[in-house]
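The values are calculated or read from the model by the stated rules, or taken from the named source; none is laboratory data. Remember, it's a predicted structure, so these values are computed and weren't measured experimentally. Cβ coordinates were reconstructed from backbone atoms using ideal geometry, including for glycine residues, and neighbour counts include every protein chain displayed.
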Amino acid sequence: MSATTTQAPVGAATDSAGAAFEPVMIGFTCNWCSYRAADLAGTARIKYPPNVRLIRLMCSGRLDPAFVLKAFAGGADGVMVSGCWPGECHYIEQNIKALRRFVLLRRVIEAMGIEPARLQLVWASAAEGQRFAHEVGRIVEEVRALGPLGWGRDGARPHESIAAVSTAAGPAAVPAEVTA
Amino acid sequence: MSSNGKHRFAMYWAASCGGCDIAVLNLHEKIAEVADAFEIVFWPCAMDTKYADVEALPDGSIDLTFFSGSIRNDENLHLAKLLRRTSKILVAFGSCASEGCIPGLANFSTVDDMLTTAFETPSTENPLHLRPVPRWAAPEGEIRIPTLAPVVRTLDQVVDIDYTIPGCPPESARIAEVVDLAIAAFAGRAELPPKGSVIGAGTSTVCDQCARQRDVKKIAAFTRIQATAYLDPALCLLEQGIPCSGPATRDGCGALCPVAGAPCIGCYGPSDGVVDQGARLLSAFSSVIDAREPGDIERILDGLPDPLGTFYRFGLARSILRASRPAFASSGVEPPVIARAPEPARAGAAGGTDR
């Protein structure tokens, strides 16, 4: 791909040759518990890896599965969904909906060839800054062990360009049109 | 417009089954109006024309082109570009052209896997282990067949399109509406919708048109329709545990399938405002599952043996991910990787070493 599609993400080593892999994570947090847990971790100066970019939703039940797929397609190596503990949802039981979507979504991404561990669900109350930071650290290390997902970064879609397929009889000459 | 004062019409099938062409012919007596208003310059299903005839046409000389079928190989791509150049209005006609449809399901697999299934499975008699060869030097000259692309793409992923008519195939009554609109617009009696519109369909969902009654929002188990002893004729199929794609599928068919007692399979594609039909269906299904504990949720979901095929039966090629990871990785283009860890560091990492 061209150089424009290989921009380094924030926090990653810019040297692509042999530098340590820094996973890019998207974290969806709910306004009432998990975002406040992240906030508490911040005010309490608890350190957690900077790999995760948090996005605040009003509720984990707001999480459209398309958000997760878009994160993967856009270059995220892992996605974390977090919300209030079951029974503590600000909207009664929308976090249970998030749980069901999470379970089904994991099956779907696994069938697409994405390791289920790249999608993780974490419950964290507003008082659990320590737990939130610990879980982020754990997930980042799990995703780091899995390696890069390699879907298009910066909106790049490598599979849009058609490359000719070699058949068992050996590589065939590619008509100019195919690669255009 | 041609010399006889008629507007020029073309229809082409790329990677498709031909059902779209049949749906157009199913206009019955209205097809006479089409022939009356249009000079048909190219329609491989219905008449004998050559690619060279189209290649010789000047730019924009065809007024209306219905392009059905997805882009599976270089021949499809050539015709897509050719018909884009020669057409004023290019319509992605039917599910294959607009969202990949059944041919798009091949995006779950690599081309090699696909060819192995087609040529090497035990039910196939192929003692010489032959595979298709795109070019072959025969004594009489070079023989060519199209080269498969690694992934199936939709028409709008390879060329600029003007409109989309969804459906597998589009309902003939909807096609008739579009034909009427085109005739009126060409005669100056109507305005064409804005470029990029979905035409010949509604904006809401199949559920909106379905006469079945919806009461409860909870289901305790999924089941296959052939495994049910009794089906309530008036009650929502999804509520009866039958996976039905109505909640995420565009209306336009009149809810033909669910009204007839078969679940909607989603052929009209995502409804307005939905980016990824599969994700929306996934969301809809998980909302109605009657379980709170992970174990119970898993047990109910086990009733959906093929969630991917259920959610993305028609829309995989236009979904957010577009293809499975192996198919994506086999596209022959090295994915842009930011920074690699030294190879030994990840040896043995679960599932992460497949590339």
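Can you tell me which residues in the stretch B:191-224 are hydrophobic (A, V, I, L, M, F, W, C), part of a loop (DSSP other than H, G, I, E, B) and not assigned by TED's automatic domain parsing to the domain that holds B:A255?
Of everything in the stretch B:191-224, those that are hydrophobic (A, V, I, L, M, F, W, C), part of a loop (DSSP other than H, G, I, E, B) and not assigned by TED's automatic domain parsing to the domain that holds B:A255 turn out to be B:L192, B:I199, B:A201.
Could you check the stretch B:1-99 for helices (runs of 4 or more DSSP H) lying wholly inside it with 1 or more residues that are aromatic (F, W, Y)?
B:51-55
Here are B:G94, B:G60: which of them is buried (at least 21 other Cβ atoms within 10 Å of the Cβ) and under 21 Å from B:D162 (Cα atoms)?
Of B:G94, B:G60, the one residue that is buried (at least 21 other Cβ atoms within 10 Å of the Cβ) and under 21 Å from B:D162 (Cα atoms) is B:G94.
When residues of the stretch B:174-190 are filtered for being part of a helix (DSSP H, G or I) and over 19 Å from B:G252 (Cα atoms), how many remain?
4
Considering only the stretch B:120-165, give the strands (runs of 3 or more DSSP E) lying wholly within it that have at least 3 residues that are away from chain A (no Cβ under 11 Å).
Those strands (runs of 3 or more DSSP E) span B:163-165.
For the stretch A:1-34, how many residues are modelled with pLDDT of 55 or more, among the hydroxyl-bearing types (S, T, Y) and closer than 24 Å to A:A73 by Cα?
1
Select from the stretch A:16-65 the residues that are aliphatic (A, V, I, L, M), surrounded by 19 or more Cβ atoms within 10 Å (Cβ to Cβ) and closer than 27 Å to A:A145 by Cβ and list them in ascending order.
Residues satisfying the conditions are A:V24, A:M25, A:I26, A:A37, A:A38, A:A41, A:V52, A:L63.
Considering every residue within the stretch A:85-102, establish whether at least one is surrounded by fewer than 18 Cβ atoms within 10 Å (Cβ to Cβ) and of a type in the set (S, T, Y).
yes
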